[in-house]
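Here is the structure we will look at, set down as structure tokens.
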Amino acid sequence: MLNELLDRRYKVTDTLGSGGFGQTYIAEDTKLPGSPRCVVKHLKPSSNDPFTLQVARRLFDSEAQTLQQMGTHPQIPQLLAFF
């Protein structure tokens with residue numbers, strides 16, 4: 001996924017970490033001046049079991065909705081996009 005351009009906007013530059021339901025990457029927002037860095041979270045469950053996929057997707061969606069509802073705060077990540 002390194003150097004890949006996601007959503008024609010976010011250029012993945014480095015791997016940040018991984019967990020049970022996905023991986024996180026450092027990316028550059030190529031559509032903003034100065035290409036500020038951001039974090040991209042990629043849903044990638046460790047199992048292809050249908051139940052696990054369903055739970056992972058639900059948790060991923062729930063996290064995005066919660067971040068969107070929280071708005072902006074210096075202690076909380078800001079949701080920039082969901083795709």
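The figures follow:
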item	result
Which labelled figure in (i) 13.6, 42; (ii) 11.8, 36; (iii) 12.0, 34 is Rg and Dmax of the Cα atoms in Å, once derived from the coordinates	(i)
Residue-averaged [θ]222 nm for the chain, counting only DSSP H segments that reach four residues, each worth -39500 (n - 2.57)	-9000 deg cm²/dmol
Of PHE51, VAL40, PHE21, farthest towards positive along the dipole that unit charges on Lys, Arg, Asp, Glu beta carbons give the range 5-70	VAL40
Charge dipole (debye, nearest 20) of the chain; +1 at Cβ of Lys and Arg, -1 at Cβ of Asp and Glu	120
On Cα atoms only, tilt of 50-70 relative to the major axis of the chain in degrees	40
Net length gained if the chain between GLN75 and VAL39 were fully extended (0.36 nm per residue, minus Cα distance)	11.5 nm
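Values quoted throughout were computed directly from the atomic coordinates according to the rules given, and no laboratory measurement underlies them. What you are looking at is a predicted structure, and each value in this text was computed from that prediction instead of being measured. All Cβ positions, glycine included, derive from the backbone under ideal geometry; neighbour counts span all protein chains shown.
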